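See structure below.
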Amino acid sequence: MLVHSQAPIGYAARMGLALTRLQRKVLAVILIIVVVPMLVAGAMAADWVSTHFEHRLEQWISGAAHVDRIWLNAYQNDGLMLGRALQRDGAYRAALAHGRVVPPLAWRNIARQLGLRVIQVYNGDRQLIYSSTPLRLVGHWQPNHPQALLRAVDDHHNMLVAIAVTPIPFGNNQRDYVLLGGLLNRYFVTELAQLTGLETRVYYRDGHQYVDLLPNSRPGDPLRGLSPARLRRLLLAGKADYDMRADTGQFRGLYTPIADSDGHVEAIVFNGLRRNDIDTFLTNRAALFLVISFAGVVIGGLTGLLLSRLIVRPVKDLHNAVMRLASQNFDATVPASTRDELGDLGQAFNAMAARLRMARDDEQKRFRQDKLVALGQLSSALAHEIRNPIGVISAASALLDRPDQTADKQTELKRMIREESARVSALVSDFLKLSRNRPPSPAAIDPAAPMRRAVAGVIARYPEITVDYALQHGQAHILADGDLLQQVWTNLLTNAAEAMNGRGHIRLASSCRGQSVFLSIDDDGPGLDAAVMPRLFEPFFTTKASGTGLGLSIAAALVEANNGHLEAVPQPGCGARFVMRFPLMGDTT
């Protein structure tokens, strides 16, 4: 599984497609700069395109549907105009008085030219006395309403008739009524569809429902796509209603109510544009937004990739050279081939690397010299410290060989030899501690725990010394080796006890400030001379007559090995004060 997961990465690296961290950052910044505005622009563009395209479609459908109403009004207006002209024809009025109800042939020809195929004459009781076609009107027309829309039946075929009602007076207050109208049949619907380019349907009122005038599958298809509530609003308002998802979502359509003279909706005309993938996409905000956003991301990604490779490549070369230089490879160079700021930076780096190589060589020479000087000083100090005990031992040994020495004198000489030998042994032991301290084994500890253990071991030898605690570090912990810190506290407590000649008062305190914990020890001894404080932690420096001068050096080295710091703080009065500082857990600064 590991091989399969690494194979694509290795392949990408071989093909030069792997991006560095800086290239990824540049690419991310460019993507943010390009993609965020692109997303905003995409959202605005998708909203504008979908809204305006849908609005244009609605305007087109509404404008095309208006032709239906114009055509219906044309039938009624032409019928009304011809009826009034016939009303003023005295010869026809005289014919009506003699019972001849058929309009003159000239008027019938004019009506046919105007598309008025229906000519009917009714008497005053609204009984049909003449009809130009074998039609039976279903519904009632009102004498006092000049226009009407009625359903007609011809051989069991339904159609609608837009008629104009004109009274023709004759005789003594007698009148007949002439109905002139145009048929809304299959030809009417077909011509409307061809003229507007829209799907056109006409639904007539049949009781409480509306059915298709020209059913496609079976007689009397009901009106589809309108909920009962929406149909009621359409009938009450009497205004056209636009539906983006008409007829179960197949069309964008407009439902136009056609009312009679009493305001009753006798028919509903549907004009629809069938939905397709293109206009569905252009009106889908989410789809438009995704396409525009995807295009923006692709363009931004390609642009960012190109810029990252053109701009970041010199930076990558510089980065590799800096990393080699950081790993002590002072032979690292940058191919400064460009004549711009990056080229100048590469040349400056090469010059810096050359100076560092020279500085490294000089430093190595000085280091070797300093090591020899330090070794000589340390050897001199050690020889000086050992020479005195060796001299005492040599002199005491020579005196022991003399026969005139008394038993008491020999005992004293032997004691001197033992003490000086022990002094040399302690000096060598401390020197080895200074040079070969074991590495610490850090663990999370209470910083006061090594202090308390050291107090228990040291103060037991000095019963006249009292110890006070002022620990205020709470639950803070440090990462350190407790055994090594106990050794440090043992050295400091022993020095304090010896400075007070075995009697006095020692104060131990702790506190937390910032990300550090501070531990301090104060005694009532004679204190430290300001002149000797800068040399306190030097090896073999001591103010005691019998000291080795390595205790504080070892203590400082052990504290630093545990990521801490030990220092002596001047006191305004008497006594000495030493302070340790350790970083709290989680902070290694």
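Whether any residue in region 205-224 is buried (at least 21 other Cβ atoms within 10 Å of the Cβ), among the hydroxyl-bearing types (Ser, Thr, Tyr) and in contact with a helix residue (DSSP H, G or I) (Cβ under 6 Å, 6 or more places away or on another chain) is what I want to check.
Scanning region 205-224 turns up no residue that is buried (at least 21 other Cβ atoms within 10 Å of the Cβ), among the hydroxyl-bearing types (Ser, Thr, Tyr) and in contact with a helix residue (DSSP H, G or I) (Cβ under 6 Å, 6 or more places away or on another chain).
Can Leu80 be described as closer than 29 Å to Glu191 by Cβ and buried (at least 20 other Cβ atoms within 10 Å of the Cβ)?
no
Name the one entry in Ile521, Ile554 that is closer than 18 Å to Ala454 by Cβ, out of contact with any strand residue (DSSP E or B) (no Cβ under 7 Å at 6 or more places or on another chain) and at pLDDT 70 or above.
Result of the check over Ile521, Ile554: Ile554.
Just checking, does region 176-184 include any residue being in the same structural domain as Leu254 (by TED's automatic domain parsing), aliphatic (A, V, I, L, M) and without any contact (Cβ under 8 Å) to a residue 12 or more places away in the chain?
No, the conditions are met nowhere in region 176-184.
Which condition number in (1) in a strand (DSSP E or B); (2) under 25 Å from Tyr92 (Cα atoms) is the one that Thr133 fails?
(1)
Only one of these conditions is not met by Arg100: (1) charged (D, E, K, R); (2) within 29 Å of Tyr242 (Cβ to Cβ); (3) not in a helix (DSSP H, G or I). Which number is it?
(2) is the only condition that Arg100 fails.
For the condition assigned by TED's automatic domain parsing to the domain that holds Leu213 and either under 18 Å from Leu183 (Cα atoms) or of a type in the set (Val, Ile, Thr) (or both), what is the one hit in His98, His140?
The unique qualifying residue is His140.
Residues to consider are Pro463, Pro450; find the one that is in a loop (DSSP other than H, G, I, E, B) and in the same structural domain as Val569 (by TED's automatic domain parsing).
Just one listed residue meets the conditions, Pro463.
Suppose we keep only residues that are surrounded by 17 or more Cβ atoms within 10 Å (Cβ to Cβ) and among the aliphatic types (A, V, I, L, M) within region 468-486. Which one would you say is farthest from His505 (Cα to Cα)?
Within region 468-486, the match that is farthest from His505 (Cα to Cα) is Leu479.
The values are calculated or read from the model by the stated rules, or taken from the named source; none is laboratory data. None of these values were measured; they are calculated from a predicted model. Note: ideal-geometry Cβ built from the backbone for every residue, glycine included; neighbour counts use all protein chains shown.
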